[in-house]
Every structure is written in structure tokens, then in C-alpha cells.
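Enquirer: Structure incoming, see below.
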Amino acid sequence: MGAASLVVAFRTKDKKTRQIATAGGITGLMGITEPILYGVALPKRYPLIAAMIGGGAGGLYAGLSQAHRFATGSSGLPAVLLYIGDNTLVNMINIIIALVISAVVSAVLTFILSFKFEKSAGEATAAADDAVAAPSGRRSSVAESAVVASGAGGMATLVRAETVELAAPCAGSVVPLAEVSDPVFASGAMGRALPWSRPRASSPPR
């Protein structure tokens, strides 16, 4: 995950993503991967796929070489010291090889996939920027124009508003919180439903 994140930091053109990926890549190498997972891997997806394949390759070598620890502790690069024991360095050497395999495979796959996905993301961002900067008389796929009357003067004002389309990831139905099957949530012990989040009878779920 750390290697994949650092490659994203090198390839992305978005400054905010680069900051998250750089800091997350360093902490990921130290064994803390949550910032990468939620800030880089899940939003972009392709670093997660590359890291899973790389981790599987390194884990396969570690399993075949029977590398094992002699103490419990954190993960990441500092954990290689936990593989020293029985007056031998064989386990530490094997886990270092496994880490190198994981990092190299993850980095190479992330780099290759970035040519497709980072280009697509860049094109989408450019299209959105062009739509926002389009002349007032032009319609765009990401922005809609509406003319409204303003005041008694009768002058027309052009208003631009971005439209966002949301799609449900799966089929389902909306029910009041009190009717869910979990008694803890139904009782309101974990918090009560907000007034504006309750389903309306006249508006079926989409």
C-alpha cells in the first residue's frame, strides 16, 4: 500500500491527492495504511487493485519460505526485526525478500494502471473546468442554465447550477429507524433519525 501510494503521488496532477498520497505512503511503509486506504486507494481504486496483487505475490513467497515471527508487534518495515530468532537471520531475510516483491509488484502495477486511470481522471477534470468556464449562452453536460426574472426592473439574470446525479449501488427500500430489525438501532440508543432523513410516503425510494 505504501509503495502504491508513493507512485500515485508521483503520477497524479492533483495537488491535494499528491499531499495525501505522499504522507500516506510514508506512514504506510511504517505499517499505518488507513490514510492510504480511505484517502487514495478506495477513491482511485487502481492503487488498491495493484496493492492487493503485490501483497498477494509477497505473501505467497513468505508462505512458501515459511517466514515467521518470534514476537508480536506492529507491521511495516520496523516489523522485520521481529523475524530474528533461533540464532538465525533466515526468517528476516525471507520477509525482506517478500516485502521487496510486494513493493516492486505493487509499484509497477500502479505505475502501469496510472496511464489509463490518471489520464481519464484528468480528462474528466478538464471537461468539468471547461463546462464551468463556458460562455453564458452555451449549454454544457455538467452544468445547466436557467433564466430567472429579477425584481421589478424585469431584467433577466443567467444562473448556472451544477447538477449531480446519484445512483444507488444496490436495490433496497427505505424504512423508519424504529422498524429496523436491530433492536439497538431501533430503540434509538445509537442516535435518533434526523427529521430530514426520514422517508416520505409520497416519495418512493429510487
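Enquirer: Mind giving me the nanometre distance, one decimal, between the label points for A71 and A171, set 7 Å out from Cα along Cα→Cβ?
Expert: 5.6 nm
Enquirer: Next question, about the same structure. HN-Hα J couplings of region 92-98 from phi, Karplus 6.51/-1.76/1.60, θ = phi - 60°, integer Hz, Gly and Pro as x?
Expert: Whole-Hz 3J(HN,Hα) from phi for region 92-98: 5, 4, 5, 6, 5, 4, 4.
Enquirer: If a/c stays under 1.5 just call it rounded; otherwise compare a/b with b/c (prolate if a/b is bigger, oblate if not). Do that for region 2-132, with a ≥ b ≥ c from the square roots of the Cα gyration tensor eigenvalues.
Expert: Prolate shape, in that a/c is at least 1.5 and a/b is the bigger ratio.
Enquirer: Stretch S181-V104 to full length: gain in nm at 0.36 nm per residue minus the Cα-Cα span?
Expert: 23.0 nm
Enquirer: While we're looking at this one, here's another question. Going through region 35-101, which trypsin sites (Lys or Arg not before Pro) have at most 16 other Cβ atoms within 10 Å and a DSSP loop state?
Expert: For trypsin sites (Lys or Arg not before Pro) across region 35-101 that sit outside H, G, I, E and B with at most 16 neighbouring Cβ atoms in 10 Å, the list reads R45, R69.
Enquirer: Further, regarding this structure: In region 1-34, whose amide N lies under 13 Å from the spot 7 Å out along Cα-to-Cβ of L81? List them in ranges.
Expert: Within reach of a label on L81: no residues.
Enquirer: Among rounded, prolate and oblate, which fits region 25-82 when a ≥ b ≥ c are the square roots of the eigenvalues of its C-alpha gyration tensor, a/c under 1.5 means rounded, and a/b larger than b/c means prolate?
Expert: oblate
Rule-based calculations on the coordinates, nothing more; no lab input. As the structure is a prediction and not an experimental result, all values here were calculated from the model. Quick reminder, even Gly has a Cβ in these numbers, built from the backbone with ideal geometry, and neighbours come from all protein chains shown.
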